[in-house]
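Colleague: Have a look at this one.
Values in this text are rule-based calculations from the coordinates and carry no lab data. Quick caveat, the model's predicted, so the values are computed rather than measured. Neighbour counts run over all protein chains shown; Cβ positions are idealised from the backbone, glycine included.
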Amino acid sequence: MSPNKKPRAEGSSKTAKVIVDGPIFRSRKERLTEGEQLRESVPHSSHAVWKPPRKHRDPIDLLEESNRYRLPNLIPVRYGRMLRSPFTFLRGSAGLMAHDLATTPNTGIQVQACGDCHLLNFGLFATPERNLIFDINDFDETLPAPWEWDVKRLAVSFTVAARDNGLSDKQALAITVECVRAYRERLRQLSKQSPLDVWYDRLDTQTIVDMAPNAKVKKNREQVIAKARIRIGDYLYPTISSEVAGRRRLIDQPPVLFHIYEKDFEHRVQLALQAYRETLPDERRVLFDRYRLEDFAVKAVGIGSVGTYCFVGLFFSAENHPLLLQFKEAGPSVLAPYAGKSIYENQGQRVVTGQRLMQSSSDIFLGWTQGKKGRHFFVRQLRDMKMSAPIEGASAAQMKMYAELCGLTLARAHAKSGDAALISGYLGQSDTFDQAIGKFALSYADQNEKDHAALVAAEKSGKVKALREDD
């Protein structure tokens, strides 16, 4: 296809497949118009509906299927964390929701999708220049996929979190619609910018402070940002390590932090480190070589990742400056059965590439490796001034402001890899799409509560075992 020729749209009333064989060099106006035309085959109102697939859908079976490659002793920890509330259940069930999203209407326009786009996968972190920015910070499930899937999962996460905080459905709807409005309007703005301007765009802390609607909110944001600035590796390092026989060691806290004592484990670690080093740019290798590995242990993190191999490496410079690196197992994305396999053989490379494409600035230690037993991993700093928003107990007004930040950020992430004008043309300038997603989120939040209740019942019946760490 000629790069100037319009891609064709084909498909049912549910999905219009936009097929593009090469770069898009058509005018913004043409792409906006084409996006508008997609509303005929996939009307905004079609996104408002959630109905479980007619085919048998057992949430417990789907969750158990996702445990296939997890460490058996950590599966109860995963379930224990998911059982705490409908919101924690949502966080741990990205695969289940991917299964459901694949049955919903979409325009056929793909972007580099986050894949697990919920509100706690956004937050503050430091750029290599040591500036604090707000961005998406979890990419375990990233894959090229329909842009709607990220928008819908993010919207649902706000609705579910609002309910968890005791807010009414009317308040939850307003919060969710605000998130989608911010996404839609920011995408329209980005569609007018040059590719370079979109690439350089970022939401820094000064912008966030300046966006505060009043002095009280401004002061609160300044305090949160100040706390984030001290949350560097040195802040975490003393809490998970101690001195043993004159050497610094990670403290065993089974089942969430423990060492592996296998005959050839240290040798396998060294081989994996060598392979990781090769994925770093030459100048980063110089930096990495200034540290030596002191200790290595398994550390269970998050909710959805629990049960996969996740290691923390404790490194020191010659003058004993600490560095904590996370080596996180990467399996196929939960989106892969529905959006297609990754082009990358190493799933760690899939994560790293997706992260670099979606974020406005990424960790300098990002890389990937493969273990001797064939497992794939991606590597990053364990914590680098990272801080997520304190959502628990947040008011409707606070959640609404946070929803705006997340919507703005997702728009920029999608604009980097996708066609902002094409999507913007489809979204339009009214709030009909926003309201449709708000209704979908309320309906799917009901589904999420049913699925959470099913997990509660499964534990009571003995079908699954759960370990509650706070018991």
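Colleague: Roughly speaking, what is the stretch gain from residue 217 to residue 469, that is 0.36 nm per residue apart minus the C-alpha to C-alpha distance, in nm to one decimal?
Modeller: Net length gain for the segment: 87.3 nm.
Colleague: Beyond 18 Å, what percent of the Cα pairs of the stretch 233-381 remain?
Modeller: 60 percent
Colleague: If we count other beta carbons within 10 Å of each Cβ, what is the order of 49, 180, 217, fewest first?
Modeller: Sorted ascending by nearby Cβ count, the order is 49, 217, 180.
Colleague: Once label points are set 7 Å from the Cα along Cα→Cβ at both residue 29 and residue 65, what is their separation, rounded to one decimal in nm?
Modeller: The two pseudo-label positions are separated by 4.8 nm.
Colleague: Sort by residue number and name the cysteines in the chain that have no neighbouring cysteine Cβ under 4.7 Å.
Modeller: 179, 310, 406
Colleague: While we're looking at this one, here's another question. Roughly what angle does helix 396-417 make with the longest principal axis of the chain, taking Cα atoms, 0 to 90 degrees, to the nearest 10?
Modeller: Tilt relative to the chain: about 90 degrees.
Colleague: Between the stretch 389-437 and the stretch 104-171, how far is it from one alpha carbon centroid to the other, in angstrom?
Modeller: Cα centroid of the stretch 389-437 versus Cα centroid of the stretch 104-171: 9 Å apart.
Colleague: With 10 angstrom as the radius, rank 369, 432 by how many other C-beta atoms surround their C-beta, starting from the fewest.
Modeller: Starting with the residue having the fewest Cβ neighbours, the order is 432, 369.
Colleague: With point charges of +1 on the Cβ of Lys and Arg and -1 on the Cβ of Asp and Glu, referenced to the Cα centre of the chain, which listed residue (379, 330, 47) lies farthest in the positive direction of the dipole?
Modeller: Toward the positive end, the furthest listed residue is 47.
Colleague: Give me the base-10 log of I(q)/I(0) for the stretch 293-440 at each q in 0.10, 0.15 Å⁻¹, Debye formula, one uniform scatterer per Cα, rounded to two decimals.
Modeller: Debye curve over Cα of the stretch 293-440, log10 I(q)/I(0) at q = 0.10, 0.15 Å⁻¹: -0.52, -1.04.
Colleague: Rank these for me by crowding, 259, 118, going from fewest to most other beta carbons within 10 Å.
Modeller: Ranked by crowding around the Cβ, least crowded first: 259, 118.
Colleague: Follow-up question, since we're still on this one. Would you compute the Debye intensity of the stretch 74-228 from its alpha-carbon atoms alone, equal scatterers and no solvent, and pass along log10 I(q)/I(0) at q = 0.16, 0.21 Å⁻¹ to two decimals?
Modeller: Relative scattering, expressed as log10 I(q)/I(0), comes to -1.17, -1.59.
Colleague: What does the charge add up to near residue 308, with Lys and Arg as +1, Asp and Glu as -1, over the other residues with Cβ less than 10 Å from its Cβ?
Modeller: +2
Colleague: If you take the beta carbon distance between residue 397 and residue 49 as r and set R0 to 35 Å, what does 1/(1 + (r/R0)^6) give as a FRET efficiency, to the nearest 0.05?
Modeller: 0.75
Colleague: Enumerate the calculated ³J(HN,Hα) couplings along the stretch 357-372 in order (Karplus 6.51 cos²θ - 1.76 cosθ + 1.60, θ = phi - 60°), each rounded to whole Hz, writing x wherever the residue is Gly or Pro.
Modeller: 6, 8, 7, 7, 7, 10, 4, 5, 9, 4, x, 9, 7, 9, x, 4
Colleague: Non-local amide H neighbours of residue 241 (under 5 Å, H modeled in plane, Pro and chain starts lacking H): which ones?
Modeller: 251
Colleague: Turning to a different aspect of this structure: Using only Cα positions of the chain, each an equal point scatterer, no hydration layer, compute I(q)/I(0) via Debye at q = 0.07, 0.09, 0.12 Å⁻¹ and quote the log10 values to two decimals.
Modeller: -0.36, -0.61, -1.12
Colleague: List the residues whose amide H sits under 5 Å from the amide H of residue 300, counting only those 5 or more places along or on another chain, with H placed 1.01 Å from N in the peptide plane.
Modeller: 257
Colleague: Next up: How much FRET efficiency would the formula 1/(1 + (r/R0)^6) give for residue 57 and residue 262, where r is the Cβ-Cβ distance and R0 is 45 Å, rounded to 0.05?
Modeller: That gives a FRET efficiency of 0.70.
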